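**Student:** Pasting a structure below so you can have a look.
The values are calculated or read from the model by the stated rules, or taken from the named source; none is laboratory data. What you see is a predicted model, and the numbers here were worked out from it, not measured in a lab. Cβ: placed from backbone, ideal geometry, glycine included. Neighbour counts: every protein chain shown.
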Amino acid sequence: MDIIDKLSEVFKEFPGIGERQAKRFVYFLMSKNGSYAENLSLLISDLKKEVAQCGECFRFFIVKNGKNNLCDICANTNTDTSTLMVVEKDSDLESVKKSRVYNGKYFVLGGLVPIVEKTTKSRVRIEELKKKIGSPQKKVFGELCEIILAFSLNPQGNHTDEYVREQLNDLAQKNNIKISSLGRGLSTGTELEYSDNETLKNALKNRQ
């Protein structure tokens, strides 16, 4: 395997990128001058240095003032602690945040649950989520009243919704916490990441 194939394999690991697109990325890099590739390499290196993962919600964030293990949402005392929204990935969280219709806590599950999968717990952060909800430390979520499951409306998203509900059911009942899902303001098959503000607003308003 030569350098072109090796780099193509790296790009194929990016979400939604197939073999043909991966090769296009490689040839694009080859067409640019040396300084472009060097700058790209430095930016990737700096990304790992300047970005951290929140210790509470598992969201990636830019570290601004030295070492900090909490993102701006979890560290903000004005964040509503009565609701917790569970999303698949960071880009979904950012879409909801930009809509300005939700001011509660978040939790990034880290993926969707495959419909046929025997190692589900190694694919998503379900144990971490259960630990947070069942934690006696009220300062983490305050008086949590509702968990909103915000997954894309496709078969895998629906399956993930059902799986998380099943996993959280006992904890939710024990702590008198409501579990809801986004309403049908979202069309079936819609990726949450690409939903507009008005659609997200209706989905949150009509959650069930």
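**Student:** Do we find that residue 102 is closer than 20 Å to residue 126 by Cα and under 22 Å from the mean Cα position of the chain (by Cα) in this structure?
**Tutor:** Values: closer than 20 Å to residue 126 by Cα: no; under 22 Å from the mean Cα position of the chain (by Cα): yes.
Criteria not met by residue 102.
**Student:** Give region 46-76 a look and list any residue that's polar (S, T, N, Q) and at pLDDT below 90, or say none.
**Tutor:** Narrowing region 46-76 to residues polar (S, T, N, Q): 53, 65, 68-69, 76.
Correct list: 65, 68, 69.
**Student:** Looking at 44, 3, 115, 17, which is the one that is within 26 Å of residue 156 (Cα to Cα), free of Cβ contacts under 8 Å to residues at least 12 places away in the same chain and of a type in the set (A, V, I, L, M)? It would help to see each step written out before you state the result.
**Tutor:** Numbers: 44 fails: within 26 Å of residue 156 (Cα to Cα); 3 fails: within 26 Å of residue 156 (Cα to Cα); 115 fails: free of Cβ contacts under 8 Å to residues at least 12 places away in the same chain.
When all the criteria are applied, what remains is 17.
**Student:** Let me ask something additional. Identify, from the list 88, 38, the residue that is modelled with pLDDT under 95 and of a type in the set (Asp, Glu).
**Tutor:** Details: 88 fails: modelled with pLDDT under 95.
Of the residues listed, the single one that is modelled with pLDDT under 95 and of a type in the set (Asp, Glu) is 38.
**Student:** While we're looking at this one, here's another question. Are there any pairs, at least 6 apart or on different chains, whose C-beta atoms fall under 9 Å, with the first in region 160-179 and acidic (Asp, Glu) and the second at pLDDT 95 or above and in a strand (DSSP E or B), and if so, which?
**Tutor:** 161/149
Conditions (1) within 26 Å of residue 73 (Cα to Cα); (2) in a loop (DSSP other than H, G, I, E, B); (3) modelled with pLDDT under 90, marked per residue:
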| residue | (1), (2), (3) |
| --- | --- |
| 140 | yes, no, yes |
| 153 | yes, yes, yes |
| 163 | no, no, no |
| 185 | yes, yes, yes |
| 188 | no, yes, yes |
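The rows are residues; the columns are (1) in a loop (DSSP other than H, G, I, E, B); (2) among the hydroxyl-bearing types (Ser, Thr, Tyr); (3) touching a residue at least 40 places away in the same chain (Cβ under 8 Å).
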residue: 74; (1), (2), (3): no, no, no
residue: 78; (1), (2), (3): yes, no, no
residue: 83; (1), (2), (3): no, yes, yes
residue: 95; (1), (2), (3): no, yes, yes
residue: 106; (1), (2), (3): no, yes, yes
